[in-house]
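The values are calculated or read from the model by the stated rules, or taken from the named source; none is laboratory data. Here the structure is a predicted model, which means the values were calculated and not measured. All Cβ positions, glycine included, derive from the backbone under ideal geometry; neighbour counts span all protein chains shown.
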């Protein structure tokens with residue numbers, strides 16, 4: 001085989017590899033998006049589909065998801081008026097009295113409420129900690145404080161995982177290793193949801209007193 005033929009074959013091989021790699025870069029995100037949406041659809045739709053199938057006698061794809069959306073909308077609509085809010089609060093009190101259910105429902109409700117940024121919720125401040133190694137910083141939410149056997153102050157930090165901040169883990173750090181930031185909870189959640197794509201131009205460490213003052217002024 002001549003050098004010209006070898007060069008031509010090599011050029012065809014490079015062209016194929018380049019086009020194939022480009023195709024993968026385009027199609028892999030599409031495939032991941034489809035997989036996530038399909039998983040979400042099957043999970044949500046599967047919550048009510050068995051009941052609908054029992055009533056109608058046939059399986060209707062998407063009916064469970066549609067009814068769940070309508071149900072969520074109705075609950076939200078009802079909770080906006082005083083009577084509906086009182087009914088929901090009464091129902092929540094009943095649920096909180098059930099021994100095993102309350103141990104799951106109460107933390108779940110507080111966690112979801114924390115993501116809305118409402119007053120009195122579990123997330124007190126957005127912090128950063130040096131984790132998983134020195135020089136690498138991880139964003140977290142201060143959820144509480146405690147002390148150890150020697151009386152040293154401890155900070156309880158919820159560390160979310162990207163891109164699903166509702167999943168994560170709880171870590172306990174010495175208080176001096178936890179640094180407050182100038183970010184609010186909504187900005188931090190957007191940052192986690194986007195996998196860091198949505199990031200403020202500057203992330204400033206602030207003193208606790210300075211942050212408390214800025215919040216009171218706001």
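Quick notes on this structure:
- Failed criterion for residue 37 (all others in (1) under 26 Å from the mean Cα position of the chain (by Cα); (2) loosely packed, with under 11 Cβ neighbours inside 10 Å; (3) farther than 19 Å from residue 164 by Cα hold): (3)
- Hits in the stretch 137-161 - residues which are within 21 Å of the chain's Cα centre (by Cα) and either loosely packed, with under 13 Cβ neighbours inside 10 Å or modelled with pLDDT of 90 or more (or both): 137, 138, 139, 140, 141, 142, 156, 157, 158, 159, 161
- Test result for residue 166, farther than 20 Å from residue 204 by Cα and in contact (Cβ under 8 Å) with a residue 40 or more places away in the chain: yes
- Taking each residue of the stretch 53-73 that is without any contact (Cβ under 8 Å) to a residue 12 or more places away in the chain and at positive phi and looking for partners that are outside any helix (DSSP H, G or I) and surrounded by 13 or more Cβ atoms within 10 Å (Cβ to Cβ) with beta-carbon atoms closer than 9 Å, six or more apart or interchain, yields nothing.
- Put simply, of 69, 95 the only residue that is closer than 24 Å to residue 44 by Cα, part of a helix (DSSP H, G or I), under 22 Å from the mean Cα position of the chain (by Cα) and at pLDDT 80 or above is 69.
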